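No value in this document is a laboratory result; all are computed from the given coordinates. Remember, predicted model here, so these are calculated numbers, not experimental data. Reconstructed Cβ throughout: ideal geometry from the backbone, glycine too, with neighbour counts over all protein chains shown.
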Amino acid sequence: MNEEYTLTPQRKIGSGFGRDSTAAEVITGIDLSGKTAMVTGGYSGLGLETVRALASAGAAVVVPARRPEHARSVLAAAGLAPGTRLGDVSVAELDLADQASVKEFATNFLAGAAPGTPRALDILINNAAIMASPEQRVGPGWEAQFATNHLGHFALTNLLWPALAAAGEARVVSLSSTGHKLSGIRFEDINFDAGYDKWQAYGQAKTANALFAVRLDELGKDAGVRAFAVHPGGIMTELQRHLPREEMIAAGWMDEHGTPDSRFKTPAQGAATSVWAATAPALKGMGGVYCEDCDIAEPTVPGSPEARIRGVDAHAVDREAAARLWELSAEMTGINAFAG
């Protein structure tokens, strides 16, 4: 551990924004001209709104996509394609559940630099995810939610490390959620070999996303790379595609007519915290914290009425667990930009 590393307090800073702020509002006045950003899953739901906001501020945005032609079609329909007003948006193929695909994508991205100039990546938003999916194994038998949501992004970020370090002051945003409250990291059975529970698996993956930001920030700080975990809020998007309508009604997420509960945000509101964490001047010199509603979140108050829906649980920002998860992830993937 770097003895000079200074922890950013896990408490609100009074950002001036809040739950209902939109991505367009939080990026107003910020100029990203000449900057390169990357948003995984940036062609649906809040990912699409994240891309829209970053492109509107002048960034060149790369959208890795498992279905690149579909992504290009969606982005074009949203006015985010070459030749349009917000045309500096490109798509490249990437399947986060396939480590070979992650390696190929990263190799191609790094090779895209001008001769003699390292490729720089100023903003990386690890947004793509699957939620509460049926049991599935990928790669060498990894549980799919952990493999896709965490290990895919772990490998991607480590492989892109040269570009992040070359940017000078880069930010990495890791999309977590209040799902982290459902489970810590099951170090003794990380792949649910002893029995699968879709919500416990999702919870573990979201805790992993939060812990990833904690450890990356500590490792990357000296190179000017800061990392943040983000809870975007509840948003009705394709993320719910594995959930039966009856289950969402029973959970109070929607009524019998399919109308979302008033607690849910719009995609533009859901994208706001990611965009804020990636660009806010107020966060300069900070990192390694969990954010919600366009501010740094407060620690969860155990037993409080809002303990399930607000704040960050201690296990999701635990530095020892973050370091242990990093080493395990490096062992599983065989990738670690900071080895040695």
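Before rounding to the nearest 500, sum -39500 (n - 2.57) across all DSSP H runs of length at least 4 in the chain and divide by the residue total; then give [θ] at 222 nm in deg cm²/dmol.
Numbers: 11 runs with 108 residues, N = 340.
When only DSSP H runs of four or more count, the value is -9500 deg cm²/dmol.
Exceeding 21 Å between C-alpha atoms, which entries from my cross-link table qualify? They are K103/K181; K221/K265; K35/K221; K35/K265; K103/K198. It would help to have the intermediate numbers written out before the result.
Working: K103/K181 31 Å; K221/K265 32 Å; K35/K221 19 Å; K35/K265 28 Å; K103/K198 28 Å.
Going by Cα-Cα distance, K103/K181; K221/K265; K35/K265; K103/K198 fall outside the 21 Å limit.
In nm, give the distance between the simple-model label positions of V301 and Y196, each being 7 Å from the Cα along the Cα-to-Cβ direction.
A separation of 3.9 nm, rounded to one decimal place.
Using only C-alpha positions, report the orientation-averaged shadow area of the convex hull of the chain, nm², one decimal.
Numbers: hull surface 68.9 nm².
In nm², the orientation-averaged hull projection of the chain is 17.2.
At what distance in nm do the modelled label points of K284 and R308 sit from each other, each positioned 7 Å from its Cα along Cα→Cβ?
Here the modelled spin labels are 4.2 nm apart.
What full-extension length gain, to one decimal in nm, is calculated for E93 and T117 as 0.36 nm per residue of separation minus the Cα-Cα distance? Could the numbers behind the result be given before it?
Details: separation 24, 0.36 × 24 = 8.64 nm, distance 2.37 nm.
Working it through step by step, the gained length comes to 6.3 nm.
Show me, for the range 221-232, the HN-Hα J-couplings you get by feeding each phi into the Karplus relation (A = 6.51, B = -1.76, C = 1.60, θ = phi - 60°), rounded to Hz, glycine and proline as x.
Whole-Hz 3J(HN,Hα) from phi for the range 221-232: 4, 5, 9, x, 9, 10, 10, 9, 9, 9, 9, x.
Would you be so kind as to identify all helices of the chain, as entire DSSP H runs, whose Cα atoms reach 30 Å or more along the helix's own axis and whose mean Kyte-Doolittle hydropathy is at least 1.6?
Details: long enough: 198-220 (32 Å, -0.27).
What comes out of the filter, once short or polar helices are dropped, is none.
For A65, which sequence-distant residues (separation of 5 or more, or a different chain) have an amide H within less than 5 Å of its own amide H, given hydrogens modelled in the peptide plane?
For A65, whose amide H was placed from the backbone, the distant partners under 5 Å are A92, E93, L94.
How much net charge surrounds S177 when only other residues with a Cβ under 14 Å from its Cβ are counted (Lys, Arg +1; Asp, Glu -1)?
On the way: positive: K181, K206, R263, K265, R308, R310; negative: E292, D293, D313.
Around S177, the charge tally is +3.
Which order do the peptides 116-123, 189-196, 284-291 take when ranked by the mean count of other beta-carbon atoms within 10 Å per residue, highest first? Please report the intermediate quantities before stating the final value.
Details: 116-123: 16.4, 189-196: 13.4, 284-291: 20.8.
Highest to lowest by the protection proxy: 284-291, 116-123, 189-196.
What distance in nm separates the simple spin-label points at T8 and E327, each placed 7 Å from Cα in the Cβ direction?
Using points 7 Å along Cα→Cβ, the separation is 2.6 nm.
Which order do the peptides 167-178, 66-77 come out in when sorted by mean C-beta neighbours inside 10 angstrom, highest first? Present the calculation step by step, with values, prior to reporting the outcome.
Working: 167-178: 23.5, 66-77: 16.6.
Ranked by mean Cβ neighbours within 10 Å, highest first: 167-178, 66-77.
What's the center-to-center distance, using Cα atoms, between the range 32-63 and the range 123-153 in Å?
Centre-to-centre (Cα) distance: 21 Å.
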